[in-house]
Amino acid sequence: MSCRFARNIGGGWIEAKNSRGEVGLVPEDYIEVNQAQPFTSRGNAAPLDLSFFDSQMPAPASTAQTSNGNDPWAVFDNNPSGGFSNNWAAQPEGTETGKTSSNAWHSGGHGHPQAYQGPDIYPYPCLIDLSGAEDDEWDEEWDDVKSSGGYAESEAGEGGAINRGGAHGSSMKIALNKFPGFSKSGPELYLLSKQAAKGTKLPIYGGEVGPVWAYPDYQLDCVVADPKKGSKMYGLKSYIEYQVTPTTTNKPVNHRYKHFDWLYERLLDKYGSAIPIPCLPDKQVTGRFEEEFIKMRMERLQGWMTRMCRHPVISSSEVFQLFLSYKDEKDWKTGKRKAEKDETVGVMIFSTIEPEGLPDLDVIEVEQKCEQFSRFTRAMDDGVKDLLTIGNEHWKRCTGPLPKEYQRIGKAFQNLSSVFISSGYEGEATLTDALTAAGKTYEEIAQMVAEQPKKDLHFLMETNNEYKGLLGCFPDTIGVHKAAIEKVKEADKLVAAGKITTSDKVSMSKRASTMSYALQAEMNHFHNNRIYDYNRVMQQYLEQQVKFYEMIAEKLRHAHSQFTTM
């Protein structure tokens, strides 16, 4: 139904009347008056389509009015005989096929694992359109329910691994569907491609380990800290705001969780076809203002931001710089609108990538590289999940049965000491005192065992969770490349059938070569970070383990010294 009447009463509220004469209060950020657009959940991603990843040459005038013009990537979709499937190549792993949505792009349909899908009917008497609200609170009210701290039973996912937002699995959908402005033909598509080409170029160079992104001279970093509770609508809406301080300006900016989520969606839209973008930490509906949960979320947001800062492409992107260094609220909203209108998204990002001085690769070499990375990421994903499962089991043992065993030993020593004292024999005071002290030592050790995972295993588990999230992105990213390879491999048949020219085939191969260099640069970045991260976290883990056992040894030595040799 639509609103017949609306009156702003202040404080962020609108008094509205619908077509049935019902009157109610509605948050002003949620309402659009007299627009009969029902609220719908996020749509499904449409089938993979690279037709807009076109050659950079204008179409001949004779073909300007034909669908998709002179684009050799789109011939499969234009074949009226049905000789080729519309799904012109293997779909990326984790994407849906055979489904389309008229609003697939603007509805944000990327299968965000934590995205709340929304109820069928919003409980207000007036029509509410949340999809267009610029400053809505929807994500704050309807977060997914997850455990709020530690590595408790409720956080164990499949196989006992911790199930946090970083794990895409097969549910994450890369934004590869057609979107407004790129399902054009002939000159229109050429002009749009030229506009995309005007954007920032992403150079790739030949390094010692192979193709690499262009890294900045200064390594960006930021600190996420100082969480504060805020409110709006006269205190009816509450949220936690974090202070984010980049090393470039040292000037803090404030962001809520939903702002981080907005940044994630923008990065996924723009770079997800070429760069794995791990999810944010889980949303939560209960306990959001508890100190332990806020601390955990802040730590995980810090980890996510640090990883994004490390990436040379992400960290230098306009949207990421906006997030870190907007000047005021007006600057933030203007930048948001600009980012949301960015048309160089999806696989169009490959049109901005330029391999500097690198030769074109043939399709066989491209396919070999792609398969090599696919095998490695699958194997590492299995290894990471296995470590998470074992680590989770060890955490439970350290915080459950193991401390109890030490406590039982300690109690047994003290009970025996009490029995000895009851004998009334005067010469055994030294022995009973030593037995009592030994019993208390084991109770202290029990407490140390229960607290130790937070000092060492926690950081190992968090690092593995981050990599679980990254590795969960790779099937989709690699799937984009596999799809392009399949299309290039079919080019010979199309040339023979007269559907494309030899020149078109060469252009397709060059584009696949560029995509391969992007994948190799990304994998080299991934390997470099992997080696650094696991060296760092294993050193930290073992150092804490050494300190832990040294403290236990010191306590046992002290207990041992209490006993005398007769």
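Placing R0 at 41 angstrom, the Cβ-Cβ distance between K489 and E299 gives a FRET efficiency of 0.35 after rounding to 0.05.
For S418 and A379, what is the calculated FRET efficiency with R₀ set at 51 Å and r taken between the beta-carbons, to the nearest 0.05? It would help to have the intermediate numbers written out before the result.
Numbers: r = 57 Å, r/R0 = 1.12.
For R0 = 51 Å, the calculated efficiency reads 0.35.
Distances between placed amide hydrogens fall under 5 Å for G207 paired with V212, all partners being 5 or more residues away or on another chain. Phi angles across the range 445-458 convert, under the Karplus curve 6.51 cos²θ - 1.76 cosθ + 1.60 with θ = phi - 60°, into 3J(HN,Hα) values of 4, 4, 5, 4, 4, 5, 8, 4, x, 5, 8, 9, 5, 3 Hz, Gly and Pro given as x.
For each pair in K385/K468; K228/K295; K229/K295; K482/K510; K404/K440; K229/K333, compute the distance between the two Cα atoms and list the pairs where it is over 18 Å. Beyond 18 Å: K229/K333. With respect to the cross-link table entries K237/K455; K270/K489; K17/K341; K283/K396, which display a Cα-Cα separation exceeding 29 Å? Cα-Cα > 29 Å for K237/K455; K17/K341; rest within. For the range 219-359, the share of accessible area belonging to carbon and sulfur comes to 50 percent (1.4 Å probe, ligands and nucleic acids excluded).
Amide H to amide H, with H built 1.01 Å from N, R256 comes under 5 Å of Y242, counting only residues 5 or more places away or on other chains. The 3J(HN,Hα) values that the Karplus relation (6.51, -1.76, 1.60; θ = phi - 60°) gives for the range 304-318 are, in residue order, 5, 5, 4, 5, 5, 4, 6, 7, x, 7, 4, 5, 8, 5, 5 Hz. Gly and Pro appear as x.
Note on F563: accessible area is roughly 90 Å² with a 1.4 Å probe, heavy atoms of protein only.
Which of the peptides 518-524, 306-312, 403-409 is most tightly packed, and how do the rest follow, judged by the mean count of other Cβ atoms within 10 Å per residue?
Values: 518-524: 23.1, 306-312: 18.9, 403-409: 16.1.
Packing proxy ranking, top to bottom: 518-524, 306-312, 403-409.
Summing charges over all other residues whose Cβ lies under 11 Å from the Cβ of V212, with Lys and Arg as +1 and Asp and Glu as -1, gives -3. Relative intensity of the range 204-358 on a log10 scale, I(q)/I(0) at q = 0.14 Å⁻¹, equals -0.77, per a Debye sum over C-alpha point scatterers of equal strength in the absence of solvent. Near the amide H of L202, within less than 5 Å, lie the amide hydrogens of I353, E354, all on another chain or at least 5 residues away, with H placed in the peptide plane.
Probe radius 1.4 Å, ligands and nucleic acids left out: which of L322, L431 has the largest accessible area, and how do the rest follow? Walk me through the numbers on the way to the answer.
Details: L322 25, L431 70 Å².
The ordering from most to least exposed comes out as L431, L322.
Subtracting the Cα-Cα distance of K237 and S316 from their residue separation scaled by 0.36 nm leaves 25.0 nm. The phi torsions of the range 481-491, fed into the Karplus equation with coefficients 6.51, -1.76 and 1.60 and a -60° offset, translate into couplings of 5, 4, 5, 5, 4, 4, 5, 5, 5, 8, 4 Hz, rounded to whole numbers, with Gly and Pro shown as x.
The values are calculated or read from the model by the stated rules, or taken from the named source; none is laboratory data. On a predicted model such as this, the values are computed, not experimentally measured, just so you know. We place every Cβ from the backbone using ideal geometry, glycine too, and count neighbours over all the protein chains shown. To get the accessible areas, we keep the full protein, side chains included, count just its heavy atoms, and leave off ligands, DNA and RNA. Shrake-Rupley method; radii C 1.70, N 1.55, O 1.52, S 1.80 Å.
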